Amino acid sequence: MSLVFYSLTDDAHPWREALARALPALPFHVWPDVPAPEDVRYTLVWKPPAGWHRQFPGLRAILSLGAGVDALLEDPDLPAVPITRLVDGGLARQMAEYTLHAVLHFHRRMPEYGRQQRARQWRILDPNAADDSVVGVLGLGVLGGEAARLLAVAGFPVCGWSRTPRRIAGVDCLWGDDGLAALQRRARIVVNFLPLTPATRGLLDAHFFSRLQPGACLVNVARGAHVVETDLLAALDSGQLGGAMLDVFAQEPLPVGHPFWSHPKVVLTPHVAGITLAAEAAAQVIQNLRRLEAGEAPQGLVDRAAGY
Ligand code: NAP
Ligand code: GLV
């Protein structure tokens with residue numbers, strides 16, 4: 001029995017150390033150095049290529065190094081074994097920080113002050129009252145829920161949208177088509193925390209933007225494919241949207257010629273809103289491996305039918 005680690009972006013070393021300490025009887029291999037593929041029982045992965053899991057006939061479970069499993073589920077050859085995802089594991093605090101920063105950026109009119117600075121213009125703009133900057137959080141799960149809570153504590157009016165009804169202190173929790181329409185009417189800043197599924201792909205399109213208040217802003221920390229990028233550019237250019245802070249993109253790394261890089265209304269970061277840190281996430285992975293070995297249900301079991 002062994003575990004194989006695959007990631008082009010995560011350092012295997014701290015994972016090897018943490019798992020060796022806690023589970024010394026489980027050999028840890030870093031792909032492509034896998035001596036006996038038939039002995040592999042578990043994989044710990046971030047974005048392996050399609051078909052990659054087929055080489056392990058004795059696979060019992062796939063453990064994702066991230067919270068979102070859309071890339072895994074897109075693999076038509078993915079074995080029918082349980083998949084676990086990270087449930088917070090240190091991501092929630094990072095994502096909530098990023099979101100608070102983004103909301104304050106738009107609430108305090110920083111994009112306009114940035115343009116004024118570049119034009120050497122000294123001009124005081126009317127401040128927004130906290131009540132004006134209603135934040136609409138799409139997705140009220142582990143990460144969106146935590147960000148919504150923090151924004152409410154910071155004094156922003158917050159509404160949020162989920163697939164099934166949720167209750168979060170200080171947050172007006174909405175669901176269904178009517179709930180989405182209400183969020184679109186009210187929000188000045190929309191923050192996307194949805195998982196990428198067939199139901200949410202392309203949700204942030206021209207129709208969606210047209211239902212927001214003119215000048216509303218978008219923060220996307222979920223997945224690039226939620227956004228129809230040409231529609232976003234058109235909405236920014238027409239003034240329907242006042243600005244966007246983007247951490248995720250349809251194609252990553254973002255191609256050097258992409259218009260987002262130099263768009264005056266776009267602030268972007270290279271998919272860093274929440275970074276998986278072994279120091280914070282390994283305990284959950286270890287606990288899940290123990291549960292799987294004991295035949296118990298792991299935490300963060302992915303519902304393949306729902307797609308998240
Ligand atoms: P989660 O706990 O599964 O929460 C997902 C939320 O979205 C839930 O509230 C769910 O509704 C809602 N939802 C799903 N499908 C929906 C639909 N069709 N309509 C309305 N609401 C829907 O996921 P999470 O742990 O918060 O993670 C969210 C996403 O963040 C991940 O999937 C990933 O893409 C992204 N992420 C990005 C980064 C980054 O660095 N940028 C880092 C980590 C994660 P219910 O409550 O009814 O289930
Ligand atoms: C990162 O994007 C994740 O899903 O954890």
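Taking 201, 188, 54 in turn, the Gaussian network model of the chain (Cα-Cα springs below 10 Å) assigns the largest fluctuation to 54.
The C-alpha atoms of the chain define a longest principal axis, and helix 12-22 lies at about 60 degrees to it. Amide H contacts of residue 61 (H built 1.01 Å from N, in plane; Pro and chain starts excluded): 43 sit under 5 Å, all sequence-distant by 5 or more or on other chains.
Could you calculate the contour length gain from residue 97 to residue 175, that is, 0.36 nm times the residue separation minus the distance between their Cα atoms, to one decimal place in nm? Could you put the intermediate results ahead of the total?
On the way: separation 78, 0.36 × 78 = 28.08 nm, distance 2.47 nm.
Net length gain for the segment: 25.6 nm.
Comparing 245, 95, 110 in a Gaussian network model of the chain where C-alpha atoms under 10 Å apart are linked, the largest mean-square fluctuation is found at 110.
Compute the long axis of helix 229-238 from its Cα atoms, compare it with the longest principal axis of the Cα atoms of the chain, and write down the angle in degrees, 0 to 90, nearest 10. Roughly 10 degrees between the two axes.
Largest GNM mean-square fluctuation across 31, 122, 175, computed for the chain with C-alpha springs under 10 Å, falls on 122.
Across the options 180, 282, 197, the greatest Cα extent toward the positive end of the charge dipole of the chain (unit charges at beta carbon of Lys, Arg, Asp, Glu) belongs to 180. Under the simplified labelling scheme, the residue 297-residue 126 pair shows an inter-label distance of 5.3 nm, with each label point 7 Å from Cα along Cα→Cβ.
To the nearest 0.05, what FRET efficiency results for residue 38 and residue 262 with a Förster distance of 41 Å applied to their C-beta separation? FRET efficiency, residue 38 to residue 262: 0.20. Compared with the dominant Cα axis of the chain, that is its longest principal axis, helix 142-153 is turned about 40°.
Values quoted throughout were computed directly from the atomic coordinates according to the rules given, and no laboratory measurement underlies them. Bear in mind that the values here come from a model prediction, so they are computed numbers and not experimental data. Positions of Cβ are generated from backbone atoms using ideal geometry, with glycine treated the same way; all protein chains shown enter the neighbour counts.
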